[in-house]
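Right, one structure below, let's go through it.
The values are calculated or read from the model by the stated rules, or taken from the named source; none is laboratory data. Every value quoted in this text rests on a predicted model; they were computed, and no experiment measured them. Cβ placement follows ideal geometry from the backbone for every residue including glycine, while neighbour counts extend to all protein chains displayed. The accessibility values were calculated without ligands, DNA or RNA, using every heavy atom of the protein model including side chains. Shrake-Rupley method; radii C 1.70, N 1.55, O 1.52, S 1.80 Å.
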Amino acid sequence: MIPRGGAARRLCSAAGDLLGAMEQPSAWDRFYACRERAGATGHFEWFFGYEVVAGLLLPLLQGPRAARVLDVGCGTSALGLGLYQDCPHPVHVCCLDAAPTALAALQRLLRAAPLPRHPGSRIHLCLGDATDLAGGGFAPASLRLVLDKGTCDALLRCPAGPSRAGQLVAECLWALQPSGQLLQFSDEDPDARVPFLEWAGAAGVSVRELGIPGGIPYYIYTVEKPARD
Ligand SMILES: C[S@@+](CC[C@H](N)C(=O)[O-])C[C@H]1O[C@@H](n2cnc3c(N)ncnc32)[C@H](O)[C@@H]1O
């Protein structure tokens with residue numbers, strides 16, 4: 001798992017602390033706070049930025065009714081904000097994270113951002129636990145798209161390992177509409193990720209490799225909801 005950008009490389013001890021504590025919001029809070037103290041005010045992107053996947057995501061949001069989208073473990077990424085700004089169709093984006101410092105920084109970036117392309121588009125920043133969407137007030141079968149860039153990867157590295165990450169996947173599938181999709185962006189090899197996603201409850205998984213400058217293979221996992229959910 002590789003943080004991107006020069007600011008990430010300067011990221012002091014908080015980045016090192018994260019390695020054994022990626023499931024702990026307090027460790028992420030320290031990471032984002034440390035980044036701010038180092039003078040970084042822009043988006044921080046795990047793996048890659050919004051522009052890499054914008055062309056794949058925007059066509060999924062077509063339609064007369066506002067598509068509801070959730071970015072789980074958004075951090076300060078531009079993923080949700082970019083979709084909100086650029087989508088030519090109405091979109092309701094929720095950016096959810098358990099680290100208050102990340103959401104405060106994202107709120108500042110949102111205030112400075114231009115108005116969305118579609119006047120019916122909305123964005124909300126939500127403090128909450130992505131492994132308990134029901135407890136956070138989300139409704140079942142309510143979302144067209146759930147995006148996960150690096151969050152499942154982070155939970156997979158925690159001591160509880162697959163069980164906590166499996167909880168995340170199960171909650172995302174529960175919140176999806178029947179034809180909705182969970183998209184995970186990851187550097188984990190399909191040989192490991194596909195069996196994990198099937199174990200976690202996916203009805204189907206397809207994989208696409210993203211060609212990224214720098215030569216690191218990244219993957220998009222498209223995860224389908226089982227019919228019974
Ligand atoms: C690897 S970072 C990815 C951040 C962002 N998606 C990106 O692409 O830059 C993982 C993020 O997940 C958040 N996170 C970890 N556990 C969480 C949980 N249980 N609920 C919500 N967010 C969580 C962390 O605060 C962190 O911002």
Taking the range 113-139 and the residues there that are under 15 Å from the mean Cα position of the chain (by Cα) and more than 14 Å from the ligand (Cβ to nearest atom), the one that is farthest from Gly73 (Cα to Cα) would be Ile123
Suppose we filter Leu106, Leu110, Leu96 for residues that are in contact (Cβ under 8 Å) with a residue 24 or more places away in the chain, surrounded by 15 or more Cβ atoms within 10 Å (Cβ to Cβ) and in a strand (DSSP E or B); which single one remains?
Leu96
Pull up the range 16-51, narrow it to residues that are hydrophobic (A, V, I, L, M, F, W, C), more than 11 Å from the ligand (Cβ to nearest atom) and part of a helix (DSSP H, G or I), then point me to the one that is least open to solvent (accessible area, probe 1.4 Å).
Cys34
Expected single match for of a type outside the set (Asp, Glu), assigned to a loop (DSSP other than H, G, I, E, B) and open to solvent by 70 Å² or more (accessible area, probe 1.4 Å) among Pro178, Pro119 is Pro119
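Can we say Leu168 is open to solvent by less than 20 Å² (accessible area, probe 1.4 Å) and not β-branched (Val, Ile, Thr)?
So Leu168 fits the description; yes.
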Restricting the first residue to the range 26-40 and requiring it to be under 17 Å from Cys74 (Cα atoms), which pairs with a second residue that is open to solvent by 40 Å² or more (accessible area, probe 1.4 Å) and more than 8 Å from the ligand (Cβ to nearest atom) meet a Cβ separation below 7 Å and a spacing of at least six or different chains?
Ala27/Asp17; Asp29/Pro100; Arg30/Asp17
Which residues, counting only those in the range 140-165, are open to solvent by less than 10 Å² (accessible area, probe 1.4 Å) and either touching a Gly at 6+ places or on another chain (Cβ under 6 Å) or away from the ligand (no atom under 11 Å from the Cβ) (or both)?
Leu143, Leu145, Val146, Gly161
Please verify whether Thr101 is surrounded by fewer than 24 Cβ atoms within 10 Å (Cβ to Cβ), of a type in the set (Val, Ile, Thr) and either within 12 Å of the ligand (Cβ to nearest atom) or farther than 18 Å from Gln181 by Cα (or both), treating the condition exactly as stated.
yes
